[in-house]
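The values are calculated or read from the model by the stated rules, or taken from the named source; none is laboratory data. None of these values were measured; they are calculated from a predicted model. Every residue, glycine as well, gets a Cβ built from its backbone with ideal geometry; the counts of neighbours run over all protein chains shown.
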Amino acid sequence: MVEALEKDEMTEYVVRFFLGGLIVSAFATLGDVLRPKSFAGLFGAAPSVALATLGIAVHQHGAGYAAVQSRTMMLGATALALYSVVVCQLMLRTRLRALAATLLSLVVWLIASFGLLFLAGAVA
Amino acid sequence: MTPIRFSPSSLRAGRWYEYVIRFVLGGAATVFTGLVSSRFGAATGGLFLAIPAIFCASATLIENHEMRRKHEAGLAGKRRGQAAAALDGAGASLGAIGLFAFAAVFFVLVENGISAAFVAASLAWAIVSVAAWYGRRKWRSVRGPRR
């Protein structure tokens, strides 16, 4: 029984991997072929991981579970807006390379996301 | 006339392994979000639906493509590459407003109809993102270039 459960879990993660990879690649390719670059940048914040994850969440746990995920996703998206502005400014003002700027700024995203989650919890 | 153009020739600038990296990163981010949700709960996992992992890869690729193009023309291209990646970041910040709209619409509709929630949320992302982009463009043209 434990083995069957582990096999099911493994299958779920394989499905997640391929579905996520496919949707992310589709949005990224769309971003590649559109100009100007600032417009193509919109696709850097496309709901690719969200579509794959929420689809699986609805299928596995039901609409209520996906609703909880989408509620806190709003906080993650707010943090993503802040993150993108920080990355943009870092590259323009400090002349950091893209990889360094995007990785360093992940700290900003984590702090903003969990800070907002904490505040939302405190308000609720 | 719309300023948005379709440029399929940009696909030729990419190398095959760059597309593989994106696929793997996208898959890994989705698996990671699933792991966080199952270990720490749906609320914490929901934050990671807006994880900027893909943006990291895209910005790096854009910078590399610009630098490669400039190298081929005999120029250094480092500044140009950084500027192109920074522009991508400016676009992503507007896309994040659309992502907020996606989550809000999905949250409101999902318990009434799953397919409708996915369609309406995706439309909300597209409409809000494009509107924000147009709004910024208009604001910049009214304000004029920075000195």
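Points to keep in mind about this one:
- Total residues in region A:15-37, condition within 17 Å of the chain's Cα centre (by Cα) and modelled with pLDDT of 90 or more: 12
- Counting only residues that are assigned to a helix (DSSP H, G or I), more than 9 Å from every other protein chain (Cβ to nearest Cβ) and of a type in the set (A, V, I, L, M, F, W, C), region B:1-31 holds 3 of them.
- Cβ-Cβ distances below 7 Å connect the following pairs, each with a first residue in region B:6-24 that is surrounded by 12 or more Cβ atoms within 10 Å (Cβ to Cβ), a second residue that is among the polar types (S, T, N, Q), and a separation of six or more residues or different chains: B:19/A:25; B:22/A:25; B:23/A:25.
- Looking at A:100, A:63, A:52, A:67, just one residue is surrounded by 24 or more Cβ atoms within 10 Å (Cβ to Cβ) and either more than 7 Å from chain B (Cβ to nearest Cβ) or aliphatic (A, V, I, L, M) (or both), and that residue is A:52.
- Considering B:104, B:117, the condition of being under 22 Å from residue B:45 (Cα atoms), among the small types (Gly, Ala, Ser) and either facing chain A (nearest Cβ under 7 Å) or touching a strand residue (DSSP E or B) at 6+ places or on another chain (Cβ under 6 Å) (or both) is satisfied by B:104 alone.
- Residue check, residue A:119 of a type outside the set (Asp, Glu), assigned to a loop (DSSP other than H, G, I, E, B) and more than 7 Å from every other protein chain (Cβ to nearest Cβ): no
- Qualifying positions in region B:32-67 - β-branched (Val, Ile, Thr), assigned to a helix (DSSP H, G or I) and surrounded by 24 or more Cβ atoms within 10 Å (Cβ to Cβ): B:33, B:54, B:62
- Meets criteria (within 21 Å of residue B:95 (Cβ to Cβ), more than 7 Å from every other protein chain (Cβ to nearest Cβ) and either under 16 Å from the mean Cα position of the chain (by Cα) or not in a helix (DSSP H, G or I) (or both)) for residue A:82: yes
- Which numbered condition residue B:129 misses (of (1) surrounded by 21 or more Cβ atoms within 10 Å (Cβ to Cβ); (2) at pLDDT below 95; (3) of a type in the set (Ser, Thr, Tyr)): (2)
- Hey, residue A:77 more than 7 Å from every other protein chain (Cβ to nearest Cβ) and part of a helix (DSSP H, G or I) or not: no
- Number of residues in region B:32-83 that are of a type in the set (S, T, N, Q), at the interface with chain A (Cβ under 8 Å from one of its Cβ atoms) and over 19 Å from the mean Cα position of the chain (by Cα) equals 2.
- Hey, residue A:40 within 16 Å of the chain's Cα centre (by Cα) and within 7 Å of chain B (Cβ to nearest Cβ) or not: no
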